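Here the structure is laid out as structure tokens; the discussion comes afterwards.
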Amino acid sequence: MAPFRSATKAPDPAPALVAVAHGTRSPAGVAVTEALVRRVRALRPGLDVRVGHLGLASPSLESVLAGLDGAAVLVPLLLGTGYHLRSDVPAAVAAAPWLHCRTAPALGPHPLLAEALAGRLAGAGRPERAPAPVVLAAAGSSDPAAGADTARMARLLALRLGTRVVPAHAAGSGTRPADAVAALRAEGHEDVSVATYLTAPGHFSEAVRRGAGGAGARLVSEPLGPHEAVARLVVRRYEEAVRGEAVRRQGVGREAVRREAVRQGAA
């Protein structure tokens, strides 16, 4: 008797998770990104998790996609909408037409980032539930959507901390972190803290630390880095994208069945 063979088709492998990093020349920044990716792998053992950089560091996103087959979900390690998400990432995907890619939204704004920011502030020495105001220092962009994302993140952090949070940007349009600190101190707040709203150390984090410290900030937190809440958010963005693709395919399948039924009825 021939051995029994199941007719059930083996499920397709899970799409690879490609974490899309901004990229930095800072070895410390690259190391922090790699540490975050290791935490993501620990949360999803067995999943193919890779990191590709948009510039300044290796491997590039293009080279990572070139080494993949089948399907991938790109999870930008970016904290808001901007040029990279609208232009650089789609260009890299277009250069890999053999690969079925789905790109998740930027990480921010999100309550899990508020959790991570609060954790970094606590680690820098800010007492929990302290009433003093906080400056949220983002990288910044000329894109108005990015500024709106930072403002929403400031509101989420204010809810988390129970205090006033002022958004600021190290570059692009908007208030600079040092100016925001100085304005709060001019109002009479002597205990101003700065939450560094960046994923990894580098040029912007150093600019924030120097500028805000020079303006009289009591403390400046470290970038988000491999915080557990950030790793959970990366996994959540991946899983949401996978579910969204499954729903889309189901809808396409149902539409194909409907069209075939119509065709059969008309025959």
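The values are calculated or read from the model by the stated rules, or taken from the named source; none is laboratory data. All values reported here derive from a predicted model rather than from experimental measurement. Positions of Cβ are backbone-derived with ideal geometry, glycine not excepted, and every protein chain shown enters the neighbour counts. When the accessible area is computed, the model is the full protein with side chains, heavy atoms only, and any ligands, DNA or RNA have been set aside. Shrake-Rupley method; radii C 1.70, N 1.55, O 1.52, S 1.80 Å.
Kindly provide the set of residues from the range 186-205 that are farther than 19 Å from residue 125 by Cα and surrounded by fewer than 17 Cβ atoms within 10 Å (Cβ to Cβ), ordered by number.
186, 187, 188, 203
Residue by residue through the range 19-38, note down the ones that are surrounded by fewer than 18 Cβ atoms within 10 Å (Cβ to Cβ) and in a helix (DSSP H, G or I).
Hits for the range 19-38 are 27, 28, 31, 34, 35, 38.
Return the residues of the range 85-107 that are out of contact with any Lys or Arg (no Cβ under 8 Å at 6 or more places or on another chain), in a loop (DSSP other than H, G, I, E, B) and touching a residue at least 40 places away in the same chain (Cβ under 8 Å); say none if nothing qualifies.
Hit for the range 85-107 is 106, nothing else.
Give me the residue from the range 59-84 that is in contact with a strand residue (DSSP E or B) (Cβ under 6 Å, 6 or more places away or on another chain) and assigned to a helix (DSSP H, G or I) and, out of that set, surrounded by the fewest Cβ atoms within 10 Å (Cβ to Cβ).
64
So for the range 41-54 (the condition being surrounded by 14 or more Cβ atoms within 10 Å (Cβ to Cβ), of a type outside the set (Val, Ile, Thr) and in contact with a His (Cβ under 8 Å, 6 or more places away or on another chain)), does at least one residue qualify?
Yes, there is a match, as at least one residue in the range 41-54 is surrounded by 14 or more Cβ atoms within 10 Å (Cβ to Cβ), of a type outside the set (Val, Ile, Thr) and in contact with a His (Cβ under 8 Å, 6 or more places away or on another chain).
Go through 195, 171 for me and flag whichever is modelled with pLDDT of 95 or more and either closer than 30 Å to residue 38 by Cβ or in a loop (DSSP other than H, G, I, E, B) (or both).
Going through 195, 171 in turn, the sole match is 195.
Give the residues of the range 208-267 that are at pLDDT 95 or above and polar (S, T, N, Q), sorted by residue number.
Answer for the range 208-267, where residues must be at pLDDT 95 or above and polar (S, T, N, Q): just 221.
Which residues, taken from the range 152-171, are touching a residue at least 40 places away in the same chain (Cβ under 8 Å) and under 17 Å from residue 191 (Cβ atoms)?
Selection gives 157, 161.
Considering each of 183, 145, 158 in turn, give the residue that is surrounded by fewer than 21 Cβ atoms within 10 Å (Cβ to Cβ), in contact with a Gly (Cβ under 9 Å, 6 or more places away or on another chain) and either assigned to a loop (DSSP other than H, G, I, E, B) or not aromatic (Phe, Trp, Tyr) (or both).
Selected residue: 145, the only one of 183, 145, 158 that is surrounded by fewer than 21 Cβ atoms within 10 Å (Cβ to Cβ), in contact with a Gly (Cβ under 9 Å, 6 or more places away or on another chain) and either assigned to a loop (DSSP other than H, G, I, E, B) or not aromatic (Phe, Trp, Tyr) (or both).
Search the range 33-57 for residues that are touching a residue at least 60 places away in the same chain (Cβ under 8 Å) and within 15 Å of residue 230 (Cα to Cα) and pair each with any residue that is of a type in the set (Lys, Arg) and open to solvent by 80 Å² or more (accessible area, probe 1.4 Å) when their beta-carbon atoms are under 6 Å apart and the residues are at least 6 apart or on different chains.
Close Cβ pairs satisfying both conditions: none exist.
For the range 104-142, enumerate the residues that are charged (D, E, K, R), buried (at least 21 other Cβ atoms within 10 Å of the Cβ) and in contact with a helix residue (DSSP H, G or I) (Cβ under 6 Å, 6 or more places away or on another chain).
Within the range 104-142, none qualify.
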